[in-house]
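The values are calculated or read from the model by the stated rules, or taken from the named source; none is laboratory data. It should be emphasised that the depicted structure is a prediction, and the values quoted were computed from it without experimental measurement. Methodologically, a virtual Cβ is constructed for each residue, glycine included, from the backbone with ideal geometry; neighbour enumeration extends over all protein chains shown.
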Amino acid sequence: MDEQWHMDRIGLPEAWETTLGNPESIVAVLDTGIDHDNQDLVSKLVGEVNFTSSATSDDLNGHGTHIAGTITQVAPACSLLNVKVADDAGNCRTSEVAEGIVWAADNGAKVINLSLSMIASPNLEEAVNYAWDKGAVVVAAAGNETSSAPTYPAAYTNCIAVAATDESGSLASFSNHGDWVDVAAPGVCIYSTWLDNQYEAKSGTSAAAAVVSGVAALVFSVAEDTNGSGITSDEVRQAIENNSCPIGTTHAGKGRINAYQAVRAVASLHSVSSQVAESTTWTKTEAGNKSTVTLA
């Protein structure tokens with residue numbers, strides 16, 4: 001399998017002809033941290049916070065570094081916020097995730113990536129709604145239990161719930177699914193950054209969510225407020241969802257995302273850039289159920 005098979009599948013090379021994103025497209029990675037020494041990621045970090053009992057905001061687990069690498073490969077010019085909400089074993093609580101969402105929204109995040117899943121809670125939903133009202137797009141993994149039962153925060157109205165597809169374009173065998181899912185994205189054997197400046201291929205809806213977050217960062221860089229709401233998050237979400245491609249099932253929302261079509265839907269003529277995207281690396285991991293981030 002081609003290590004970067006997913007790029008062509010969602011039209012990334014064509015999307016990059018218009019935009020690579022920009023530093024103002026800030027993506028908050030709510031996860032196990034981001035490796036402070038990673039050569040591909042350190043220059044993109046613009047802020048961090050630690051809501052866990054871990055002594056450091058650094059990533060000692062690998063999951064968060066995987067996710068951050070996936071996002072920045074899709075949107076090479078974006079910036080990152082390292083929001084550590086899962087401890088070094090990958091465990092997190094709804095209260096910490098909710099705090100992280102609010103912090104990210106208050107600190108300039110345009111996109112908030114949640115490659116985790118847990119039980120529903122009022123404070124978690126309130127945090128998602130708060131971020132949406134502040135103009136952020138919240139993206140969450142659907143989970144990897146081959147289940148149709150809703151998982152959270154993905155199933156909340158103001159969150160984009162992401163299932164995973166495989167190289168054939170079908171729903172991945174492990175992916176959760178259902179009428180609460182909004183879109184799907186590649187999530188099988190996704191190659192990305194790992195600890196100690198290494199790279200690994202992983203599979204799961206965590207990777208799929210990270211792909212969508214990267215595309216959201218691309219779309220934010222060219223989106224305009226067309227309805228006078230004062231924010232562009234509604235235009236970004238609409239562009240992603242309405243330009244997805246059906247994958248032969250009604251249980252994966254509007255289907256697999258298409259970065260090129262989403263960017264094209266909102267891009268202005270003056271937005272065109274001649275920049276050429278640099279190749280880096282990718283990854284995935286996944287979302288577990290209950291209150292734990294489960295690594296693939």
Does at least one position in the stretch 164-178 carry a residue that is surrounded by fewer than 24 Cβ atoms within 10 Å (Cβ to Cβ), farther than 12 Å from Arg9 by Cβ, touching a Pro at 6+ places or on another chain (Cβ under 9 Å) and not β-branched (Val, Ile, Thr)? yes
Could you tell me whether Glu235 is touching a strand residue (DSSP E or B) at 6+ places or on another chain (Cβ under 6 Å), surrounded by 18 or more Cβ atoms within 10 Å (Cβ to Cβ) and at pLDDT 95 or above? no
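Residue-wise test of (1) crowded, with 22+ Cβ neighbours inside 10 Å; (2) farther than 19 Å from Pro153 by Cα; (3) of a type outside the set (Lys, Arg); (4) at pLDDT 95 or above.
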| residue | (1), (2), (3), (4) |
| --- | --- |
| Ser25 | yes, yes, yes, yes |
| Asp37 | no, yes, yes, yes |
| Gly47 | no, yes, yes, yes |
| Ile67 | yes, no, yes, yes |
| Asp88 | no, yes, yes, yes |
| Arg93 | no, no, no, yes |
If I ask for residues that are assigned to a loop (DSSP other than H, G, I, E, B) and among the aliphatic types (A, V, I, L, M), which ones from the stretch 3-61 would you list? Ile10, Leu20, Ile34, Leu41, Ala55, Leu60
Out of the stretch 119-160, which residues are modelled with pLDDT of 95 or more, more than 20 Å from Val27 (Cβ to Cβ) and aliphatic (A, V, I, L, M)? Ala120, Ala149, Ala155
Kindly list the number of the only condition in (1) crowded, with 24+ Cβ neighbours inside 10 Å; (2) modelled with pLDDT under 95 that fails for Thr226. (1)
Would you confirm whether any residue within the stretch 103-116 is assigned to a helix (DSSP H, G or I), among the charged types (D, E, K, R) and farther than 20 Å from Gly21 by Cβ? yes
Looking at the stretch 106-135 only, could you name the residues that are surrounded by 19 or more Cβ atoms within 10 Å (Cβ to Cβ), out of contact with any Pro (no Cβ under 6 Å at 6 or more places or on another chain) and free of Cβ contacts under 8 Å to residues at least 40 places away in the same chain? Glu125, Ala127, Ala131
Residues of the stretch 234-251 classified as in a loop (DSSP other than H, G, I, E, B) and either polar (S, T, N, Q) or touching an Asp or Glu at 6+ places or on another chain (Cβ under 8 Å) (or both), total: 5
When every residue in the stretch 185-217 that is touching a Cys at 6+ places or on another chain (Cβ under 9 Å) and in a strand (DSSP E or B) is compared, the one farthest from Ala252 (Cα to Cα) is Ala201
Output the number of residues of the stretch 145-184 satisfying the condition of being out of contact with any His (no Cβ under 8 Å at 6 or more places or on another chain) and part of a strand (DSSP E or B). 8
Inspect all residues belonging to the stretch 183-201 and state whether any of them is under 19 Å from Leu124 (Cβ atoms) and either within 16 Å of the chain's Cα centre (by Cα) or among the aromatic types (Phe, Trp, Tyr) (or both). no
For Arg9, only one of the following conditions fails: (1) closer than 18 Å to Leu195 by Cα; (2) surrounded by fewer than 24 Cβ atoms within 10 Å (Cβ to Cβ); (3) of a type in the set (Lys, Arg). What is its number? (1)
